[in-house]
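Below is one structure, written out as structure tokens; the observations come after it.
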């Protein structure tokens, strides 16, 4: 791989840093995007994708770090493809994200905001009420996320941005899997916790061609016996790849209820397994106040 030394100009949408390298006098400088860097940093990077107008690179070494750089709270940061800003303090993350939004509006919508962008922060960790893990059962059990920029499984034992209850369940999933109790039909497991982090829904996404079987029922019983906060377990049978796009995944209730009650202020919402709901549990009420106000209806 071609290696280059770069000075990072700014952060762009998606968390990458932007740098420019002059190719020759006849052509303008080429844009290079590098993840996990900060403006002003001097870094060494390896080109992993090159196109006519830009290139993407992998961070190899930070030669001159920014004064804003901090130690990430997650041991998997830079390996996992989920988070992009944990090398910044949370306050700095909010500032950079505001500027990224401002520039995105200017570049794509030709809109120059005259006013400040008001941000609404939350605790930086344990804020997610939903997360989805990939599962491997052979040759050995592993559960986690994809590595950055790939579809290779990165086993994780904890996820600091997910709620504490979801991390407890993750630990139990490891225990069951390593004891050989995880069904080989499970491709992904999604967890969804209520706002108080006291109850949780488990969604099992099966491999194409899989059907309901005893191993799934045994797995569901073992998980609920270990984690009484599990409110319901629902499996989804993925249609085979040749199925029409309109085909919906068939769901089966394995335990408890197929929905969970989510309280937002004085309001309650019934969230069905597989449905979308806002993921930052600390900001749901504030978002509701800003978007709905005093309005109500069916």
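The values are calculated or read from the model by the stated rules, or taken from the named source; none is laboratory data. Every value quoted in this text rests on a predicted model; they were computed, and no experiment measured them. A quick note on method: Cβ atoms are made from the backbone with ideal geometry, for glycine too, and the neighbour counts reach across all protein chains shown.
Structure notes:
- Filtered residue count, the range 53-107, keeping only those that are under 22 Å from residue 126 (Cβ atoms) and in a strand (DSSP E or B): 1
- Boolean, residue 80 is in contact with a strand residue (DSSP E or B) (Cβ under 6 Å, 6 or more places away or on another chain), touching a residue at least 60 places away in the same chain (Cβ under 8 Å), closer than 28 Å to residue 153 by Cβ and surrounded by 15 or more Cβ atoms within 10 Å (Cβ to Cβ): yes
- Flag for residue 71 being in the same structural domain as residue 35 (by TED's automatic domain parsing), out of contact with any helix residue (DSSP H, G or I) (no Cβ under 6 Å at 6 or more places or on another chain) and surrounded by fewer than 11 Cβ atoms within 10 Å (Cβ to Cβ): yes
- Scoring residue 164 on the criteria (1) surrounded by 15 or more Cβ atoms within 10 Å (Cβ to Cβ); (2) under 30 Å from residue 285 (Cβ atoms) leaves a single failure, condition (1).
- Scan of the range 219-232 for residues that are under 13 Å from residue 168 (Cα atoms) and either surrounded by 14 or more Cβ atoms within 10 Å (Cβ to Cβ) or not assigned by TED's automatic domain parsing to the domain that holds residue 277 (or both), ordered by number: 223, 224, 226, 227, 229, 230
- Residues in the range 32-56 that are buried (at least 16 other Cβ atoms within 10 Å of the Cβ) and under 21 Å from residue 153 (Cα atoms): 35, 36.
- Test: residue in the range 94-111 that is farther than 21 Å from residue 225 by Cα, surrounded by fewer than 12 Cβ atoms within 10 Å (Cβ to Cβ) and in contact with a helix residue (DSSP H, G or I) (Cβ under 6 Å, 6 or more places away or on another chain): yes
- Of everything in the range 148-163 that is under 22 Å from residue 58 (Cα atoms) and in contact with a strand residue (DSSP E or B) (Cβ under 7 Å, 6 or more places away or on another chain), the residue that is modelled with the lowest pLDDT is 148.
- Test: residue in the range 130-137 that is touching a helix residue (DSSP H, G or I) at 6+ places or on another chain (Cβ under 8 Å), exposed (fewer than 12 other Cβ atoms within 10 Å of the Cβ) and either under 21 Å from residue 36 (Cα atoms) or at pLDDT 90 or above (or both): no
Yes/no matrix, rows are residues, columns are (1) free of Cβ contacts under 8 Å to residues at least 60 places away in the same chain; (2) under 26 Å from the mean Cα position of the chain (by Cα); (3) surrounded by fewer than 18 Cβ atoms within 10 Å (Cβ to Cβ); (4) assigned to a loop (DSSP other than H, G, I, E, B):
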position: 170; (1), (2), (3), (4): yes, yes, no, no
position: 175; (1), (2), (3), (4): yes, yes, yes, no
position: 180; (1), (2), (3), (4): yes, no, yes, yes
position: 196; (1), (2), (3), (4): no, yes, yes, yes
position: 203; (1), (2), (3), (4): no, yes, no, no
position: 209; (1), (2), (3), (4): yes, no, yes, yes
position: 217; (1), (2), (3), (4): yes, no, yes, no
position: 234; (1), (2), (3), (4): yes, yes, no, no
position: 261; (1), (2), (3), (4): no, yes, yes, no
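- Filter pass, residue 85 being in contact with a helix residue (DSSP H, G or I) (Cβ under 6 Å, 6 or more places away or on another chain), crowded, with 16+ Cβ neighbours inside 10 Å and under 29 Å from residue 133 (Cβ atoms): yes
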